[in-house]
Structure formats: structure tokens, C-alpha cells
Amino acid sequence: MKIAIAGAGALGSRFGYMLHQAGNEVILIDNWVDHIQAIREHGLKMTIDAETFTAEIPIITPQEITSDQTVDLVIVFTKAMQLDQMIQDIKPIMNDDTDILCLLNGIGHEDIIAKYIDAKNIFIGNTMWTASLVGPGHSKSFGSGSINLQNLGEGQEIEAKKIAACLSEAGLNARFTDNVHATIYLKACVNGTMNGLCTILDVDMATFGETNQAHEIVTTIVKEFAAVAAHENIELNVDDAVAFIEKCYDRQTIGDHYPSMHQDLIRNHRMTEIDYINGAISRKGQKYGVATPYCDFLTQLIHVKENIVLK
Ligand SMILES: NC(=O)C1=CN([C@@H]2O[C@H](COP(=O)(O)OP(=O)(O)OC[C@H]3O[C@@H](n4cnc5c(N)ncnc54)[C@H](OP(=O)(O)O)[C@@H]3O)[C@@H](O)[C@H]2O)C=CC1
Ligand SMILES: CC(C)(CO)C(=O)C(=O)O
């Protein structure tokens with residue numbers, strides 16, 4: 001399959017590498033000049049479980065797209081706040097049959113994509129794969145992960161299952177779900193607890209999980225997500241979600257991982273996606289008349305931290 005990774009940062013590079021190694025024709029699309037130069041000169045470096053590999057994968061900026069480069073599938077891995085512009089920029093690489101898959105953390109990305117792309121070509125979901133950038137041209141990751149995905153448009157289940165099969169053939173452990181919004185909310189509960197809390201507390205997930213207060217804090221935040229989800233006819237079982245989140249504390253899997261929000265703000269001094277995670281719950285809470293004090297406060301805290309770190 002001809003696949004473009006639009007937003008080839010940490011996770012985009014991991015996906016691009018694994019799909020390339022599985023024999024797909026992969027092209028990376030990004031705007032970060034140093035990253036592009038490093039990959040063009042030395043290939044994409046991918047460290048997986050402490051072993052480093054290099055792959056020669058083409059990388060271009062959106063402005064370098066040519067009309068003969070249309071692809072079968074675009075997988076977007078920008079940050080949430082970059083998504084709108086990237087979708088506009090990559091239109092030339094898409095024809096009427098090109099599908100787009102969005103696995104970004106957060107809620108509501110399909111509304112942005114649907115401004116530019118027909119619903120029949122939009123596929124959404126979430127992933128538990130992880131990665132972090134060592135530097136330009138070099139992504140690092142450990143452990144395994146999974147992907148849930150579904151078609152946004154009616155009657156595109158077969159296409160969705162084809163995409164899931166392609167990802168699974170590359171070892172990305174993808175499955176089709178007929179309840180993707182529930183899985184997106186479940187993943188958002190993970191990000192809505194781990195990302196903001198580990199960023200503010202400057203700890204990895206296992207260290208946070210070892211505290212006496214972790215369970216109560218996580219449960220309170222998840223209850224806010226569940227109350228908002230109920231207004232969208234999405235059933236989110238609080239106990240199951242808390243148990244799913246607490247699996248992140250295992251140092252044998254991803255417990256040592258600093259969530260991507262910590263990487264953004266504390267390590268790379270970049271803006272976070274808080275407004276698409278806890279901030280989205282706060283906005284929806286106001287819309288539905290649901291109190292979301294913990295999401296409200298955590299969103300404020302992250303913005304305060306952004307103001308301090310980025311001033
Ligand atoms: N990392 C993880 O473990 C996980 C991440 N996710 C989600 O996947 C999506 C992508 O995340 P992730 O891959 O971590 O994002 P990254 O920040 O690594 O990459 C996203 C984009 O940010 C830009 N960028 C990154 N670093 C720099 C830099 N130093 N200077 C300039 N530009 C930079 C690049 O875009 P450009 O230069 O073109 O603007 C890049 O394509 C997000 O929604 C995230 O929440 C989901 C699960 C796990
Ligand atoms: C690893 C995990 C699940 C932590 O929330 C993630 O999605 C991220 O780092 O953004």
C-alpha cells in the first residue's frame with residue numbers, strides 16, 4: 001500500500017518505519033527542517049527496545065508534494081493543534097480514493113478533518129503505541145501497543161478492516177471496532193490523567209502510580225469523563241477505565257514512559273494538547289451542564305506551566 005505519514009515526529013516515525021519494513025511504499029511528510037535534513041542525510045533512525053535500526057524512507061515537506069505522489073492512505077500524526085493546517089497542506093497527495101486515518105490523542109479530531117475530507121474516506125481511532133524523539137531524524141520506543149479504528153462514514157467497514165489488516169501485517173496490532181468513540185474516550189481517560197498529571201508532577205507513569213493518592217485522583221477525573229460521555233450516548237465504565245489506566249504503571253510495559261505531553265512541555269518546551277483532552281471535557285461539561293472541576297483545574301495548571309516554561 002502507498003502510505004503517507006503526515007506528521008513524522010516520534011510516533012509518526014515509528015509507524016512509518018514499521019510500515020516501511022513490512023513492504024509498504026511509505027513517504028514521510030513534515031515541516032521540521034532539521035528532522036528532514038537528518039533523515040535525508042542519514043536515513044530514519046529507529047531505536048526499538050534499545051536496538052537501533054536505520055531505514056531509507058523518503059521525507060518531504062507538504063510544499064514539496066507533486067501531483068504524481070498520490071497515495072492510498074494518509075496517517076496523520078501531527079500534534080492536535082497542527083492537524084487543521086496539515087490536512088489543508090496535504091490535499092495534493094490525496095485523490096478521491098485516498099483514505100485518511102487519525103489516531104491522535106484527544107477528542108473531536110474528526111470534526112476538523114471532515115471540514116476538508118469526505119466522511120467516506122475518514123477513519124478514526126486511537127493507539128497505545130508510544131515513542132519519543134531522541135533528536136532530529138531519530139525516534140525511540142519500547143514495548144508494544146495496539147490500535148483501535150473504525151470508519152467514520154457509513155458502509156466503509158470493509159475499507160476499515162483492510163486498513164487494520166495492513167497495520168497488523170506491519171506488527172502494529174490493529175483491530176476494527178464498531179464502537180470507536182467509546183475507545184477514543186477510554187484512551188482520552190488515559191491521556192486525561194497520565195499526561196497532565198505526569199507533566200505537572202514531572203514523573204513517569206509508574207512513579208505517579210506508586211503514590212497513595214493516584215487511585216482517587218484518577219477515579220475522580222474518569223468520573224468527569226464518564227459523565228460527559230453519557231451525554232453523547234457513550235458508555236464509559238469508570239471501574240474498567242481506571243483499571244485500564246492503572247495498567248500504564250507497569251514498568252515491564254510502559255510505566256517508565258513520560259507521556260507525550262511531558263515530552264512536549266518539560267523536555268522540548270513546546271505547547272501541549274491539553275485543550276483537546278481535559279480542556280475538551282471542560283468545554284463539553286459546560287455545554288451539557290456537567291461539573292468537571294478536576295479537568296478544569298488540570299487544564300488551568302498545564303496552561304500556567306506552559307506560560308512559565310514558554311515565556
Ligand atoms: N509520543 C507518544 O508516545 C504518543 C503520542 N500520541 C499522539 O500522537 C500524536 C503525535 O505525537 P508525537 O509523535 O509524540 O508528536 P511529535 O511532537 O513527536 O511530532 C509531531 C510533530 O511535531 C513537530 N515537531 C516535533 N518536534 C519538533 C521540534 N523539536 N521542532 C519543530 N517541530 C517539531 C513536527 O511537525 P512539524 O515540524 O511539521 O510541525 C512533528 O511532525 C499526538 O496527538 C500525540 O498525542 C499518541 C500515543 C502515544
Ligand atoms: C503513552 C500514553 C498512553 C500515555 O498517556 C500516551 O498516549 C502518550 O504518551 O501520549
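The values are calculated or read from the model by the stated rules, or taken from the named source; none is laboratory data. Note that the coordinates shown come from a computational prediction; the quantities given were computed from them, not determined experimentally. Counting neighbours? That spans all protein chains shown, and the Cβs are built from the backbone with ideal geometry, glycine included. We work out accessible area using only protein heavy atoms, side chains counted, and drop any ligands, DNA or RNA first. Shrake-Rupley method; radii C 1.70, N 1.55, O 1.52, S 1.80 Å.
State whether the residues of segment 219-226 include one that is under 22 Å from the mean Cα position of the chain (by Cα), open to solvent by 40 Å² or more (accessible area, probe 1.4 Å) and of a type in the set (Phe, Trp, Tyr). Steps first, please.
So in segment 219-226, the residues under 22 Å from the mean Cα position of the chain (by Cα) come out as 221-222, 224-226.
So of that shortlist, the ones also open to solvent by 40 Å² or more (accessible area, probe 1.4 Å) come out as none.
Looking through segment 219-226, none of the residues is under 22 Å from the mean Cα position of the chain (by Cα), open to solvent by 40 Å² or more (accessible area, probe 1.4 Å) and of a type in the set (Phe, Trp, Tyr).
Only residues in segment 99-111 that are more than 14 Å from Thr183 (Cα to Cα) count as the first member; pair them with residues that are of a type in the set (D, E, K, R) and open to solvent by 10 Å² or more (accessible area, probe 1.4 Å), Cβ under 8 angstrom, at least 6 apart or cross-chain, and list the lot.
Pairs that qualify, where the first residue is more than 14 Å from Thr183 (Cα to Cα) and the partner is of a type in the set (D, E, K, R) and open to solvent by 10 Å² or more (accessible area, probe 1.4 Å), are Asp99/Asp72; Asp99/Glu159.
Working carefully through the options Tyr258, Tyr294, find the one that is within 16 Å of ligand 1 (Cβ to nearest atom) and crowded, with 20+ Cβ neighbours inside 10 Å.
Going through Tyr258, Tyr294 in turn, just one is within 16 Å of ligand 1 (Cβ to nearest atom) and crowded, with 20+ Cβ neighbours inside 10 Å: Tyr258.
Among the residues of segment 117-139, how many are outside any strand (DSSP E or B), aliphatic (A, V, I, L, M) and either more than 12 Å from ligand 2 (Cβ to nearest atom) or buried (at least 20 other Cβ atoms within 10 Å of the Cβ) (or both)? Before the answer, list the steps.
Going residue by residue through segment 117-139, those that are outside any strand (DSSP E or B) are 117-121, 128-131, 136-137.
Going one step further and asking which of them are aliphatic (A, V, I, L, M), we end up with 117, 119, 128, 131.
Now drop any that are not either more than 12 Å from ligand 2 (Cβ to nearest atom) or buried (at least 20 other Cβ atoms within 10 Å of the Cβ) (or both), which leaves 117, 119, 131.
Looking only at that region, the number is 3.
Condition test on Ala206, is it in contact with a Lys or Arg (Cβ under 6 Å, 6 or more places away or on another chain) and in contact (Cβ under 8 Å) with a residue 24 or more places away in the chain? Step through it out loud before you land on a result.
On the way: in contact with a Lys or Arg (Cβ under 6 Å, 6 or more places away or on another chain): yes; in contact (Cβ under 8 Å) with a residue 24 or more places away in the chain: yes.
In short, yes.
Could you run through segment 232-248 and say how many residues are open to solvent by 40 Å² or more (accessible area, probe 1.4 Å) and under 16 Å from Met194 (Cβ atoms)? Steps first, please.
First, the residues of segment 232-248 that are open to solvent by 40 Å² or more (accessible area, probe 1.4 Å): 232-233, 235, 237, 239-240, 243-244, 246-247.
Remaining after also requiring under 16 Å from Met194 (Cβ atoms): 243-244, 246-247.
Residues that pass the stated criteria total 4.
Checking Thr183 against (1) more than 17 Å from the chain's Cα centre (by Cα); (2) surrounded by fewer than 22 Cβ atoms within 10 Å (Cβ to Cβ), only one condition comes out false. Which one?
Status for Thr183: all satisfied but (1).
So which of Asn105, Asn95, Asn31 is touching a Ser or Thr at 6+ places or on another chain (Cβ under 6 Å), open to solvent by 20 Å² or more (accessible area, probe 1.4 Å) and within 12 Å of ligand 1 (Cβ to nearest atom)?
Details: Asn105 fails: touching a Ser or Thr at 6+ places or on another chain (Cβ under 6 Å); Asn95 fails: within 12 Å of ligand 1 (Cβ to nearest atom).
Just a single option satisfies the conditions, and that option is Asn31.
Each row is one residue, and each column tells you yes or no for (1) within 19 Å of Asp275 (Cβ to Cβ); (2) in a helix (DSSP H, G or I); (3) within 16 Å of ligand 1 (Cβ to nearest atom).
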{"position": "Lys187", "(1), (2), (3)": "yes, yes, yes"}
{"position": "Val190", "(1), (2), (3)": "yes, yes, yes"}
{"position": "Leu197", "(1), (2), (3)": "yes, yes, yes"}
{"position": "Asp240", "(1), (2), (3)": "no, yes, no"}
{"position": "Ile254", "(1), (2), (3)": "no, no, yes"}
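Looking at segment 202-221, is at least one residue assigned to a helix (DSSP H, G or I), more than 13 Å from ligand 2 (Cβ to nearest atom) and among the hydrophobic types (A, V, I, L, M, F, W, C)? Please lay out each step first, then the result.
Step one: filter segment 202-221 for residues assigned to a helix (DSSP H, G or I), giving 205-209, 214-221.
Remaining after also requiring more than 13 Å from ligand 2 (Cβ to nearest atom): 207, 214-217, 219-220.
Still in the running and among the hydrophobic types (A, V, I, L, M, F, W, C): 214, 217.
Within segment 202-221 (the criterion being assigned to a helix (DSSP H, G or I), more than 13 Å from ligand 2 (Cβ to nearest atom) and among the hydrophobic types (A, V, I, L, M, F, W, C)), the answer is yes, since at least one residue qualifies.
Given the conditions (1) within 21 Å of Leu301 (Cβ to Cβ); (2) within 18 Å of the chain's Cα centre (by Cα); (3) modelled with pLDDT of 95 or more; (4) open to solvent by 10 Å² or more (accessible area, probe 1.4 Å), report the number of the one that Gln263 does not fulfil.
(3)
Out of the residues in segment 21-38 that are out of contact with any Asp or Glu (no Cβ under 9 Å at 6 or more places or on another chain) and either modelled with pLDDT under 95 or part of a helix (DSSP H, G or I) (or both), which is farthest from ligand 2 (Cβ to nearest atom)?
The residue in question is Gln37.
Taking Asn233 as the residue in question, decide whether it is closer than 27 Å to Ser144 by Cα and not β-branched (Val, Ile, Thr). Outline the logic, then answer.
Details: closer than 27 Å to Ser144 by Cα: no; not β-branched (Val, Ile, Thr): yes.
In short, no.
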